[in-house]
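> There's a structure below that I have some questions on.
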There are 2 protein chains.
Amino acid sequence: MKQFVLGIDVGGTNIKFGLVDQKGKIVDRSHLSTKECISHKEKLIDKLVRGCEEIIAKNKLSKENLRGIGIGLPGLINAKEGIVYSLTNIPGWKNVPLKRIIEKKLRVSVFIDNDVNVITLGEWKKGAGKGKENMICITLGTGVGGGLVIKNKMYRGEGFAAGEIGHIPVQQAGRKCNCGGNGCLETLVGNRYLLQKAKRIFKKRDFSLEDVSKLACQGNRKAVQFWQQVGEQIGIGLTGVVNVLNPSCIVVGGGVANAYAHISGPMLETIQKRAMRVQGKMVKIKKSNLGPNAGIIGAQALVEEEIKFRAK
Amino acid sequence: MKQFVLGIDVGGTNIKFGLVDQKGKIVDRSHLSTKECISHKEKLIDKLVRGCEEIIAKNKLSKENLRGIGIGLPGLINAKEGIVYSLTNIPGWKNVPLKRIIEKKLRVSVFIDNDVNVITLGEWKKGAGKGKENMICITLGTGVGGGLVIKNKMYRGEGFAAGEIGHIPVQQAGRKCNCGGNGCLETLVGNRYLLQKAKRIFKKRDFSLEDVSKLACQGNRKAVQFWQQVGEQIGIGLTGVVNVLNPSCIVVGGGVANAYAHISGPMLETIQKRAMRVQGKMVKIKKSNLGPNAGIIGAQALVEEEIKFRAK
């Protein structure tokens, strides 16, 4: 009998659903807009349930061939008990026992986790960090996030808040960060700041980071320099992580990773130059190879990990 | 039958030996100078063996009541296989199978590890971080070191080099560090730099950090400010660690910890102000309570941990 996992990636604009087979192939997918229900907790939960029901019905799945549902959400998640403590930029969620709620409605095992942890699990189980005992994932986007695999296990920290690589202070007297800190890595390489900087450098109002990437590909000197600096700054932030955690692999994912060809060189050089000898020599930097599917494949990995762990 | 562990703390000036009973009490101790044998590997090993033999003979210990020997050394140590990859500031050590060498000579189980890891184990098993699932130890001295306990286990990294909290870059364009990096935490709060700074501020040539502490205790404004800045800078460095690892406890040890009363306030305030909400709220900062015995008690903890682990 074929078995599947339903992976769900909850974002600020869309909820993506993907049915994943045991080989890790996404055999069906769908998505629903989050927009009109973003500030209504109940509506968002209903949409989650409806999306599941639809894909289950369409694929004629019984309880026997659905191993579980995995959900990645942007926020602080108690992955052990399945409770959403809070969601980032989505109001109204406080200590919601989402696992229990959905399990009750669908009668299927549900596992939830922070979206970056889910991506990290995906990269570790099926992606660029496959099989590494100690690996780190950094996601570059509006926020700069991270996830940690330590001794072949996801490490979530004492309060499920570990992995915030974007909030390592790299400039003592740096810009105020959204998180309350100063000079965090995110204030240098988060999309919002990069876009401001790009608009300033290229003196254009209507301009995107994609445009800077295109220009860099065409050999535009300013654009190449722009990404070079981004790479160096990520490299400085990661130097601290590399010295403290001595991982064998760092996987770089998220939107800015589209400019990976331009940032990877300076990033690696900076780490090699600045990190301690042993740690610097040992660490490999890799581009995420799950791309936009990382959330769904990661949600599958979460379900498989949890089933394996609970079976012990 | 009473059982003991022999704990050994190898430093640049002394080798300290301590016989520890099962309650964690040091029942006998001795020390030998490292000075005349520091650059002779064989002589240093002989001294280690002789020190053990003496304390074993003096206490009339048989193999049955010596559970094992634990040794902390300043350097890069493969704790799993018992190999000294290299020692810091002690030349001539490269891939030395110290565990095997001493076991062969004394016919007792030997376990070795990096000295800061050993201190971390001591604080975690018997000291200020007792029983914490996720804790960090930072040692302040000429070097600024660190050790990590993650999910109730010592975490040593992919190449036994993890924990280098002193080498998190906190100033992008900062001073060159011994490790090869720039602007590492150690370049701001390592003893050597602090001493230079103190001499400059107090315009005295013959001056020690102890003197600055004494002045601070007497209420000298400049001395209080001096330690306040040290506390703030350690706080900034630890903010990154707190955000990334979300530990429940950080234990502060080492020489500068003598000024703990002056640095702890500013350190904690900085972390509370700069770290992310959940991580900042959750972390307790504690002073090492094993003091100069941390190395010996830690070596005992190392032996007990390894015996427990290998028995599984």
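The values are calculated or read from the model by the stated rules, or taken from the named source; none is laboratory data. Values in this document were obtained by computation on a predicted structure and should not be read as measured data. Note: ideal-geometry Cβ built from the backbone for every residue, glycine included; neighbour counts use all protein chains shown.
> On the basis of being more than 24 Å from B:N178 (Cα to Cα) and surrounded by fewer than 13 Cβ atoms within 10 Å (Cβ to Cβ), does B:E64 make the cut? Walk me through it before giving the result.
Numbers: more than 24 Å from B:N178 (Cα to Cα): yes; surrounded by fewer than 13 Cβ atoms within 10 Å (Cβ to Cβ): yes.
Yes, satisfied.
> Given the residues A:G18, A:G92, A:G70, A:G11, which is the only one that is under 16 Å from A:G298 (Cβ atoms), outside the structural domain of A:G163 (by TED's automatic domain parsing), modelled with pLDDT under 95 and of a type outside the set (A, V, I, L, M, F, W, C)? I'd like the intermediate steps shown before the answer.
On the way: A:G18 fails: modelled with pLDDT under 95; A:G92 fails: under 16 Å from A:G298 (Cβ atoms); A:G70 fails: modelled with pLDDT under 95.
Exactly one residue qualifies, and that residue is A:G11.
> To continue, here is another question. What number goes with the only condition from (1) within 11 Å of chain B (Cβ to nearest Cβ); (2) touching a residue at least 12 places away in the same chain (Cβ under 8 Å) that A:R175 does not pass?
(1)
> Out of curiosity, is A:N65 under 23 Å from the mean Cα position of the chain (by Cα) and either of a type outside the set (V, I, T) or within 18 Å of A:I26 (Cβ to Cβ) (or both)?
No, not satisfied.
> While we're here: Anything in the range A:99-130 that is of a type in the set (A, V, I, L, M, F, W, C) and surrounded by 21 or more Cβ atoms within 10 Å (Cβ to Cβ)? List them, or say none.
Within the range A:99-130, A:I102, A:V110, A:F111, A:I112, A:V116, A:V118, A:I119, A:L121, A:W124, A:A128 meet the criteria.
> Separate question: Of the conditions (1) under 15 Å from the mean Cα position of the chain (by Cα); (2) in a loop (DSSP other than H, G, I, E, B); (3) within 11 Å of chain B (Cβ to nearest Cβ); (4) under 30 Å from A:D21 (Cα atoms), A:E133 clears all except one; give me its number.
(1)
> Return the pairs, sorted by first residue and then second, in which the second residue is among the hydrophobic types (A, V, I, L, M, F, W, C) and assigned to a loop (DSSP other than H, G, I, E, B), the first residue lies in the range A:156-171 and is more than 7 Å from chain B (Cβ to nearest Cβ) and within 14 Å of A:N114 (Cα to Cα), the beta carbons are less than 8 Å apart, and the residues are 6+ apart or on different chains.
A:R156/A:A79; A:R156/A:A162; A:F160/A:A79
> Do we find that A:K281 is away from every other protein chain (no Cβ under 14 Å) and out of contact with any Leu (no Cβ under 7 Å at 6 or more places or on another chain) in this structure?
Numbers: away from every other protein chain (no Cβ under 14 Å): no; out of contact with any Leu (no Cβ under 7 Å at 6 or more places or on another chain): yes.
So A:K281 does not fit the description; no.
> Could you figure out which of (1) surrounded by fewer than 19 Cβ atoms within 10 Å (Cβ to Cβ); (2) under 30 Å from B:K197 (Cα atoms); (3) small (G, A, S) isn't true of B:G146?
Tallying (1) surrounded by fewer than 19 Cβ atoms within 10 Å (Cβ to Cβ); (2) under 30 Å from B:K197 (Cα atoms); (3) small (G, A, S), B:G146 fails exactly one: (1).
> Can you tell me which condition B:P247 does not meet? The list is (1) within 14 Å of chain A (Cβ to nearest Cβ); (2) over 30 Å from A:L76 (Cβ atoms); (3) touching an Asp or Glu at 6+ places or on another chain (Cβ under 7 Å), and all the others hold.
(2)
> Looking at the range A:12-39 only, could you name the residues that are surrounded by 14 or more Cβ atoms within 10 Å (Cβ to Cβ) and assigned to a loop (DSSP other than H, G, I, E, B)?
Within the range A:12-39, A:G24, A:T34, A:I38 qualify.
> Out of all the residues in the range A:178-225, which are more than 14 Å from chain B (Cβ to nearest Cβ), closer than 23 Å to B:I168 by Cβ and not in a helix (DSSP H, G or I)?
Selection gives A:G190 alone.
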